[in-house]
Amino acid sequence: MAATLRIVNLEDGMPSVEQARSRLAAELTRARAAREFGLKIIHGYGSSGVGGSLRSALGATLTKLQRDGQVRHAIFGENWRMADADAWGLVKQHPGLKQDADWGRGNRGITIVIL
């Protein structure tokens, strides 16, 4: 079975940081229950004034989850490219991920989460 990333748009509806964190937790629970490989989280990067807060807060949350072993990888969009060892190692193991529209684009508005 090919590794795929389900897209989760946490920026939709311009939620508060706490609302976005709650939605992230629910989506991670759903993904684990469904035995999904990973998620592509859209959080924005601040162009609307909201994404910057979400990006920062969700980035901190995902970094903690990775450190605590609750997610295998949290690869920020600017690192979703060949030059990043984690990203490149993941794509070498799962070549289909290279087809992701944001691969190599430096999109700061996304984070790749591998469960």
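The values are calculated or read from the model by the stated rules, or taken from the named source; none is laboratory data. The shown structure was predicted, so the numbers you read here are calculated from the model rather than taken from an experiment. Note that each Cβ is placed from the backbone with ideal geometry, even for glycine, and that neighbours are counted across all protein chains shown.
Structure summary
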| quantity | calculated |
| --- | --- |
| Candidates 86, 68 - the one that is over 14 Å from the mean Cα position of the chain (by Cα) and of a type in the set (D, E, K, R) | 68 |
| Residue within segment 63-79 that is in contact with a Phe, Trp or Tyr (Cβ under 9 Å, 6 or more places away or on another chain) and aromatic (Phe, Trp, Tyr) present | no |
| Segment 71-94 - residue that is touching a helix residue (DSSP H, G or I) at 6+ places or on another chain (Cβ under 8 Å) and farther than 16 Å from residue 106 by Cα and, of those, surrounded by the fewest Cβ atoms within 10 Å (Cβ to Cβ) | 72 |
| Among (1) within 21 Å of residue 102 (Cα to Cα); (2) at pLDDT 95 or above; (3) part of a helix (DSSP H, G or I) - the single one residue 19 does not satisfy | (1) |
| Residue that is modelled with the lowest pLDDT, among those in segment 30-59 that are surrounded by 18 or more Cβ atoms within 10 Å (Cβ to Cβ) and in a helix (DSSP H, G or I) | 51 |
